[in-house]
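This report refers to the structure that appears directly beneath it.
The values are calculated or read from the model by the stated rules, or taken from the named source; none is laboratory data. Treat the numbers as computed from the prediction; the structure is a model and nothing was measured. A quick note on method: Cβ atoms are made from the backbone with ideal geometry, for glycine too, and the neighbour counts reach across all protein chains shown.
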Amino acid sequence: MRGKVTLVVGTNFGDEGKGKIIDYLAQTHNMVARATGGSNAGHKVVIQGRSYPLHLLPSGVFNPRAKVIIGNGVLVDPIVLAQEIVSLESDGLKVRDRLYISEKAHVIFPYHVRTDEIEENRRGDNKLGTTHKGIGPAAEDKYARDGIRFSDMKQLFTELNEKYGSCSDIELYEKFWDALCKLMFDQIDKHYNSMPFASYKNRYFAKDGELDDSIRKLYAAINILLPCICDTISLLHTNLENGQDLLIEGAQATLLDIDFGTYPFVTSSNPTASGMCTGVGIGPTYVSEVVGVLKAYASRVGEGVFITEQANEIGDKIRVLGHEYGTTTGRPRRCGWLDLVALKYACRVNGLTALAVNHLDTIGMLENFYVCVAYRDKETGEKTTSFSSENNTLNRYVPVYKEFEGNFYKEMKGSKSFEELPQEAINFLQFIADYTNVPVKYVGVGAGRDDLLKCNILPQK
Ligand code: IMP
Ligand code: MG
């Protein structure tokens, strides 16, 4: 029988704690994959008190038996990926012998990273607040059909190795230097063809030695990744047909989706469920479970509308209690209340079959807390429970809240099963299941790997 496919999706603005759920689910999956985004993602997995931030490797890499796949939909910065591999391997976790990078995945080059920065500066007050990881510019190249893929890198390196393999290391490196440099400047030239070489060289590699440094790092990184580049689509389908299960790990989230999010304050991919299928090459009928991850409150990093934001001392308190600082950029996250109107939308566009609610411990430290159950039009006073990701529409609304009793942290501390949770906490989770009509199946009660309770809170209406 064909293996099962499970997707883990972010329901809000990212940073819902997907890494924690994936780390748990990965223990029972033979294959774990990333499908979308790139090193803009930051997943933190805490194992035995030690925190492991990951940007490109799926969080499921911590199951040492799992095959680790970077799908065709991921925009891969080879330097970041190679660093992550080396860092985990130096801690004793083998990665390279079970890592498969799609030959169709697009490569992020240092000039993409630089362009991201230049573009954000150009936007000035209208900046998007990107992570400066080169995601937008690399996506532009991909859709302009000007991108460089890992298959191109593999071909280039194979050809040069065949041609100059007998040369000294220094000579060989010089050949690669020339080839990589030409490739990068040809790419830059396509977009800025009116700029003379010297001026764009200065624009992209402003500091002395920066170009050399970039090429040296790229060369080393691609050499590390080369043996892992392959046809991941055949690989994962053959394994699925042999009964192996696949876990696809989402990055970013529903409201950052280029189609479904608060455009233009979004990322340059479709991190929702259907985009994740495209990002590894499976059809939607293969998917048996779509887990939507949320926090008991909400956060957003970067610009854009955030209707339940608490830009006040409550938000500050949530930030401190929930350690809401970016894994990728270190930026303090904007914090606010859980928005069930937006969550219902995430249930719809992703076809969620299960919910995972994180940070129950954090919300339980507050005296009381609020959940947005509807929006009210500021002018007409009309209420709605239907979400629109259009900024103009969202800006017309104010949230309508329901209050919940908090202060249950002390009572819930140390709970090892859902049944041991205080009644206030259970009532809150039941309310989420009823509102969304999706069962709550996982509850996060702390940062650690073991602080996850399994349950099955079914909607009661
Ligand atoms: P980009 O993906 O770096 O282009 O950034 C576009 C928007 O998505 C910005 O608001 C970022 O802060 C946000 N973003 C991108 N990746 C993540 C993530 O993993 N978590 C939270 N926000 C993200
Ligand atoms: Mg994150």
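I need a count of the residues in the stretch 38-62 that are away from ligand 2 (no atom under 16 Å from the Cβ) and either of a type in the set (Phe, Trp, Tyr) or in contact (Cβ under 8 Å) with a residue 40 or more places away in the chain (or both).
Residues meeting the conditions: 4.
Hey, can you tell me all the residues within the stretch 102-124 that are outside any helix (DSSP H, G or I) and buried (at least 20 other Cβ atoms within 10 Å of the Cβ)?
Those that are outside any helix (DSSP H, G or I) and buried (at least 20 other Cβ atoms within 10 Å of the Cβ): Ser102, Ala105, His106, Val107, Ile108, Phe109.
Could you say which residue among Ala342, Ala346, Ala356 is small (Gly, Ala, Ser), within 16 Å of ligand 2 (Cβ to nearest atom) and crowded, with 23+ Cβ neighbours inside 10 Å?
Matching residue, one of Ala342, Ala346, Ala356: Ala356.
Just one of (1) under 30 Å from Lys104 (Cα atoms); (2) more than 12 Å from ligand 1 (Cβ to nearest atom); (3) assigned to a loop (DSSP other than H, G, I, E, B) trips up Ala311, so point out which.
(1)
Run down Gly19, Gly71 and say which single residue is within 16 Å of ligand 1 (Cβ to nearest atom) and out of contact with any Cys (no Cβ under 6 Å at 6 or more places or on another chain).
Selected residue: Gly19, the only one of Gly19, Gly71 that is within 16 Å of ligand 1 (Cβ to nearest atom) and out of contact with any Cys (no Cβ under 6 Å at 6 or more places or on another chain).
Can you tell me which residues in the stretch 67-98 are in contact (Cβ under 8 Å) with a residue 60 or more places away in the chain, more than 26 Å from Leu183 (Cα to Cα) and touching a strand residue (DSSP E or B) at 6+ places or on another chain (Cβ under 8 Å)?
Lys67, Ile69
Of the residues Val293, Val320, which is within 15 Å of ligand 1 (Cβ to nearest atom) and at pLDDT 95 or above?
Result of the check over Val293, Val320: Val293.
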